[in-house]
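J.: My questions all concern the structure below.
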Amino acid sequence: MTRGILIVDVQNDFTEGGALGTEGGAAVAAAITEHLRTHEYALVAASRDWHDAANDNGGHFAAGEPDFVDTWPVHCVAGTPGADYHPALDALAIDVHIKKGQGKPAYSAFEGTSDDGEMLSEVLEEQGIDELDIVGIATDYCVKASALDAAVAGLRVRVLDGLTSAVSPETRAAALDELRDAGVEVVPRSPGTAA
Ligand SMILES: [Zn+2]
């Protein structure tokens, strides 16, 4: 088996102080960097939400009040500081950069493309990855959607819950149940890991 890791959307706008900050996001960024230093992966891929500035990205940006389910405050506009990786994430450790959400909602990293224009599934296949660990932000949205797509693609998937942060505790719990039902292994957080 050949194991890779997917780091989902560890971006400034999804961490404390960002447009759509999750509690614990900055700590998760640092903890992922530490995890990469102490674990061996055949491939390190990372996704970024990368929205257009000039439009509402297919209704993803709320016209009025966001409902925080289908519509959201403006976030992760391409090329802005909010769309950058969080500084605590070691971007030099990333082999493949995936961008998603240009002009449309895209919760799953499997909807994105690499700098070479390849889909994430193509990149994983080329590298012979058949096991994928998934970490990042947010547990209940983009981590969930990416893990479900990875399972559908036939990969053995683990979500390392201690290396994720969520929009809310309720939707996080529901997401973890949904992932387990889909055959994804959820590795529980251990005491002392990031919230
Ligand atoms: Zn988005």
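The values are calculated or read from the model by the stated rules, or taken from the named source; none is laboratory data. Here the structure is a predicted model, which is why all the values come from computation and not from measurement. Every residue, glycine among them, receives a Cβ derived from its backbone with ideal geometry; neighbour counts consider all protein chains shown. Heavy atoms of the whole protein, side chains included, go into the accessibility calculation; ligands, DNA and RNA do not. Shrake-Rupley method; radii C 1.70, N 1.55, O 1.52, S 1.80 Å.
J.: Can you pull the semi-axes for the chain, root of five times each eigenvalue of the Cα gyration tensor, sorted largest first, whole Å?
T.: Rounded to whole Å, the semi-axes are 23, 19, 17.
J.: What is the list of residues in the range 4-41 whose amide nitrogen lies under 20 Å from a point 7 angstrom out from the Cα of GLU185, following Cα to Cβ?
T.: Answer for the range 4-41: 4-8, 32, 35-41.
J.: Can you give the FRET efficiency for ARG156 and ALA53, using 1/(1 + (r/R0)^6), R0 = 35 Å, r = Cβ-Cβ distance, to the nearest 0.05?
T.: Efficiency computed from Cβ-Cβ geometry: 0.35.
J.: Out of SER121, SER47, SER165, any idea which swings most in a Gaussian network model of the chain, alpha carbons joined below 10 Å?
T.: Comparing SER121, SER47, SER165 in a Gaussian network model of the chain, the most mobile one is SER121.
J.: Restricting to the range 1-156, what percent of DSSP beta bridges are antiparallel, rounded to 5?
T.: About 15 percent, rounded to the nearest 5.
J.: I would also like to ask the following. On the first, second and third principal axes, largest extent first, how far apart are the outermost C-alpha atoms of the range 42-102 in Å?
T.: 42, 21, 20
J.: Label-point separation (nm) for ASP130 and THR71, each offset 7 Å from Cα along Cα-to-Cβ?
T.: 4.6 nm
J.: Follow-up. Take ASP115, project a point 7 Å from its Cα along the Cβ direction, then tell me which residues of the range 32-70 have their backbone nitrogen under 18 Å from it.
T.: Backbone N within reach: 43-51.
J.: Let me ask you something else. Between THR80 and GLU34, 0.36 nm times their residue separation minus their Cα-Cα distance comes to what?
T.: Numbers: separation 46, 0.36 × 46 = 16.56 nm, distance 2.60 nm.
Length gained, THR80 through GLU34: 14.0 nm.
J.: Let me ask another. So, with a 1.4 angstrom probe, what is the percent of accessible area on the chain that is carbon and sulfur?
T.: Working: 4400 of 8640 Å².
Percent of accessible area from carbon and sulfur atoms in the chain: 51.
J.: Roughly how many nanometres apart are two label points built 7 Å out from the Cα toward the Cβ at GLU178 and GLU16?
T.: Here the answer is 2.8 nm between the modelled labels.
J.: Next question. Between ALA91 and ALA62, what length in nm is gained on full extension when 0.36 nm per residue of separation is reduced by their alpha carbon distance?
T.: Between ALA91 and ALA62, full extension yields 7.4 nm more.
J.: Which of ALA150, ALA83, ALA53 moves most in a GNM of the chain, Cα contacts under 10 Å?
T.: Fluctuation is largest for ALA53.
J.: Checking a compactness column here: for the range 91-195, what do you get for Rg(Cα) / (2.2 N^0.38 Å), N being the number of residues?
T.: Taking the Cα Rg and dividing by 2.2 N^0.38 Å, one obtains 1.06.
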